[in-house]
1. Applying the selection to the stretch 50-66, what residues are more than 16 Å from the ligand (Cβ to nearest atom) and part of a loop (DSSP other than H, G, I, E, B)?
2. Is there a residue being assigned to a helix (DSSP H, G or I), touching a residue at least 24 places away in the same chain (Cβ under 8 Å), among the charged types (D, E, K, R) and surrounded by 12 or more Cβ atoms within 10 Å (Cβ to Cβ) anywhere in the stretch 39-49?
3. Given the conditions (1) among the hydroxyl-bearing types (Ser, Thr, Tyr); (2) surrounded by fewer than 11 Cβ atoms within 10 Å (Cβ to Cβ); (3) modelled with pLDDT of 85 or more, report the number of the one that Tyr82 does not fulfil.
4. Given (1) within 16 Å of the ligand (Cβ to nearest atom); (2) at pLDDT 90 or above, identify the lone condition not met by Pro43.
5. For the stretch 67-88, which positions are more than 10 Å from the ligand (Cβ to nearest atom) and assigned to a loop (DSSP other than H, G, I, E, B)?
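The values are calculated or read from the model by the stated rules, or taken from the named source; none is laboratory data. What you are looking at is a predicted structure, and each value in this text was computed from that prediction instead of being measured. We place every Cβ from the backbone using ideal geometry, glycine too, and count neighbours over all the protein chains shown.
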Amino acid sequence: MLPDMSVCGFQWPVRFGRLKTLEDHNRYRGSALEKLDADRASPQPNGIACPECEAELVDTDPTGVLLSNPPKKRISCLACGYLGYRIY
Ligand SMILES: [Zn+2]
């Protein structure tokens with residue numbers, strides 16, 4: 001039995017059959033994101049000068065963003081040990 005689309009508010013044609021399963025989608029996206037995370041996991045230079053020693057700062061966790069307002073990223077200086085945040 002088809003769901004009652006008027007309840008859901010769908011306005012577009014609903015397709016059935018020959019679609020990927022949710023499990024297949026999540027497995028594929030999960031492995032793609034894991035690879036992306038692994039590639040970017042190490043600190044990345046960000047072109048910003050350290051306020052303490054003027055060496056180039058790095059994004060400490062390139063894949064992480066703090067959900068503050070505005071969003072921020074953790075930064076650090078490998079030369080002097082400065083720790084802070086930058087607006088994302
Ligand atoms: Zn520094």
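1. As a first pass, look at the stretch 50-66 and keep what is more than 16 Å from the ligand (Cβ to nearest atom): 61-66.
Within the stretch 50-66, Asp61, Pro62, Thr63, Gly64, Val65 qualify.
2. Restricting attention to the stretch 39-49, the residues satisfying the condition of being assigned to a helix (DSSP H, G or I) are 39-40.
Now drop any that are not touching a residue at least 24 places away in the same chain (Cβ under 8 Å), which leaves none.
Scanning the stretch 39-49, I find no residue that is assigned to a helix (DSSP H, G or I), touching a residue at least 24 places away in the same chain (Cβ under 8 Å), among the charged types (D, E, K, R) and surrounded by 12 or more Cβ atoms within 10 Å (Cβ to Cβ), so the answer is no.
3. Checking Tyr82 against (1) among the hydroxyl-bearing types (Ser, Thr, Tyr); (2) surrounded by fewer than 11 Cβ atoms within 10 Å (Cβ to Cβ); (3) modelled with pLDDT of 85 or more, the one that fails is (2).
4. (2)
5. Listed by number, the residues that qualify are Leu67, Ser68, Asn69, Pro70, Pro71, Tyr88.
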